[in-house]
1. Being modelled with pLDDT under 90 and more than 18 Å from Val177 (Cβ to Cβ) is the requirement here; does Ile64 meet it?
2. Considering only segment 144-173, state which residues are within 16 Å of Ser36 (Cα to Cα), in contact (Cβ under 8 Å) with a residue 60 or more places away in the chain and assigned to a helix (DSSP H, G or I).
3. Taking Tyr116, is it hydroxyl-bearing (Ser, Thr, Tyr), within 24 Å of Met217 (Cα to Cα) and more than 16 Å from the chain's Cα centre (by Cα)?
4. Please go through (1) within 14 Å of Tyr174 (Cα to Cα); (2) at pLDDT 95 or above for Gly90 and return the number of the only condition it doesn't satisfy.
5. Please indicate, with yes or no, whether at least one residue in segment 56-63 is surrounded by fewer than 18 Cβ atoms within 10 Å (Cβ to Cβ) and among the β-branched types (Val, Ile, Thr).
6. Looking at segment 30-56, which of its residues are without any contact (Cβ under 8 Å) to a residue 60 or more places away in the chain and part of a helix (DSSP H, G or I)?
7. Return the residues of segment 93-132 that are part of a helix (DSSP H, G or I), of a type in the set (A, V, I, L, M) and at pLDDT 95 or above; say none if nothing qualifies.
8. Would you say Phe165 is under 26 Å from Ile15 (Cβ atoms), modelled with pLDDT of 95 or more and not small (Gly, Ala, Ser)?
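The values are calculated or read from the model by the stated rules, or taken from the named source; none is laboratory data. In this text, all values refer to a predicted model and were calculated from it rather than measured experimentally. Cβ placement follows ideal geometry from the backbone for every residue including glycine, while neighbour counts extend to all protein chains displayed. These area figures cover heavy atoms from the full protein model, side chains too; ligands, DNA and RNA do not enter into them. Shrake-Rupley method; radii C 1.70, N 1.55, O 1.52, S 1.80 Å.
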Amino acid sequence: MSLTAKAVLDEIKNIHKRKPMYGHPLWTGMVEGTFSLEQVRYFCLQHGIIPLHNHNYHGRLYVICPDAEWREKIAEVTYEEATGRIHANGVSHHKLYLAYGKALGLSREQMLGADYCGGGLAFKSYFQDVCGRNFLEGVSAHMLAGEAPIPGLYIRVARKLQQKFGLDDKGIAYWVVHDSADEDHSGVGRELLGQFAPSDRDKELVLKIVRETVDVMHVMYDDFYRHMKAIAS
């Protein structure tokens, strides 16, 4: 029996349910506020390997997109990340993240010169590769695996940061903006599935990449959390 788009999307939901972001102790701790300021600062520095290097991810998707209309959609996502003029009142997501670090007491130099752990470097290497490999795999990794579980989670992280550490609205804006922006981005990914995965083989590839990407992200989370536990001890 041929795979339907609905069946693929249902299985993607199951992949995230079996290995959820909120369920990993790293994200559970961020939501519940169980980490110290020193631990959160470490996480801030390490997690910067995503927003501070995003041109290596979304940018590659734009370059390899084979369809002009969909390339325009990816360009809008890339434009928002680079300028913030759709969701963030003209503040780039790069700057939003630096503002978050500043609110935690981290300097721009510390943020941009972070010494990334092995899990973070492994994620960056994998994600750069898959986002530039071919469009179907890149969209699957970025939007159906990476961004899909963020809406609803990041806003909870933002509120806990504000409550526990007294961060102002500017300090949590990165989290608030991404809670809504990534819902749009993951929606684009679902639309693209219909056009770029017509065969069963394509759909199976989508599922393979989503599973693979979620696994790699959890390797990164595991390493972040291991170092954060060491800080606590």
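1. no
2. Selection gives Val157, Lys160, Leu161, Gln163, Lys164, Phe165.
3. Here the answer is yes, as Tyr116 does meet what is asked.
4. (2)
5. Yes, segment 56-63 has at least one match.
6. Asn54, His55
7. The answer is Leu98, Ala99, Ala103, Met111, Leu112, Leu121, Ala122, Val130.
8. No: the conditions fail for Phe165.
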